[in-house]
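First the structure, in the form of structure tokens, and then the observations on it.
Every number in this text was worked out from the coordinates using simple rules, so none of it is lab data. The structure presented is a predicted model; accordingly, all values stated were derived computationally and were not measured. Here Cβ is always computed from backbone atoms with ideal geometry, including for glycine, and neighbour counts include all displayed protein chains.
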Amino acid sequence: MFVYLCMTAVVSYMLGCTNGAIVSSMNLFSKDVREYGSNNAGLTNFYRVFGQTGLPWVLFIDITKSLVSVFLGGLLLKPFGMEIFGKLLAGLFVMFGHMFPIYYKFKGGKGVLCAGVMVFVVDWRLGLIVIGVFILTVLLSRYVSLGSILAGISFPVSAFFFGYRGLDLIMASLCAILMISKHWSNIKRLASGTESKFSLKKKS
């Protein structure tokens, strides 16, 4: 089983390192999204900088790598009765790769989209709750970061109420902690009232 755990972690991390925002900005605009806007290699900053052009490619790359990783993790550990744990483990490492990509000097995004895909694959009920918390928060506050943080918190909390326990709950909590920790600068800006609000208009 140890071999399959390692395989899940390594493959998921390497897939996670293929960052959709970086790949799309470099290939479509010959620019590095990390040098503009908030300097974050994520979907929100990509949209703020480049608009809708290229957005489908960012979504395709990040969703596909997350789906492949999470389904693979579940498949590899299913024979050991640890399918959910395998999916969560894969989700954790694909997020880690997205945040700290070895291909791009360990400077990536915040893993929100990767986390969202993972949650839906693990349990669609949890996925609906998490996306609901995210959308409602963003609509009311217009802070994408706040929506991401609250959605992250809602994941392990909801998992607990749906009966997840033991290693599965611990792994769900680690995924949430990892994603929220990447929002530390956002948390400080939210506290000081300097965080940027989301707008459908692209910044010039």
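Given labels modelled 7 Å from the Cα in the Cβ direction, how far is it in nm from residue 75 to residue 181?
The answer from the label model is 3.0 nm.
Quick one: what Rg and Dmax do you get for the range 13-65 from the alpha carbons, in Å?
Rg, Dmax (Cα atoms, Å): 9.9, 28.
Taking a threshold of 27 Å on the Cα-Cα distance, which of the pairs 31/197; 31/182; 78/105; 107/197; 87/197 fall above it? Could you put the intermediate results ahead of the total?
Numbers: 31/197 24 Å; 31/182 23 Å; 78/105 34 Å; 107/197 23 Å; 87/197 33 Å.
Correct reply: 78/105; 87/197.
Give me the compactness ratio for the chain, meaning the Cα radius of gyration over 2.2 N^0.38 Å. Spell out each step's value before the answer.
Numbers: Rg = 16.5 Å, N = 204, 2.2 N^0.38 = 16.6 Å.
Scaled against compact globular proteins, the figure is 0.99.
What's the exposure ranking of 187, 102, going from fewest to most Cβ atoms within 10 Å? Mind dumping the intermediate values first?
On the way: 187 15, 102 12.
Lowest count first: 102, 187.
Please compute the volume of the convex hull spanned by the alpha-carbon atoms of the range 104-192 and report it per residue in Å³.
On the way: hull volume 9.1 nm³, N = 89.
Per residue, the Cα convex hull of the range 104-192 comes to 103 Å³.
With an 8 Å Cα cut-off and a minimum separation of 6 or more residues, compute the relative contact order for the range 1-150 in percent. List each step's numbers first, then the result.
On the way: 246 pairs, mean separation 38.1, N = 150.
Across the range 1-150, relative contact order equals 25 percent.
Compute the length gained on full extension between residue 102 and residue 188: take 0.36 nm times their separation in residues and subtract their Cα-Cα distance, giving the result in nm to one decimal.
Values: separation 86, 0.36 × 86 = 30.96 nm, distance 2.72 nm.
This chain segment gains 28.2 nm when fully extended.
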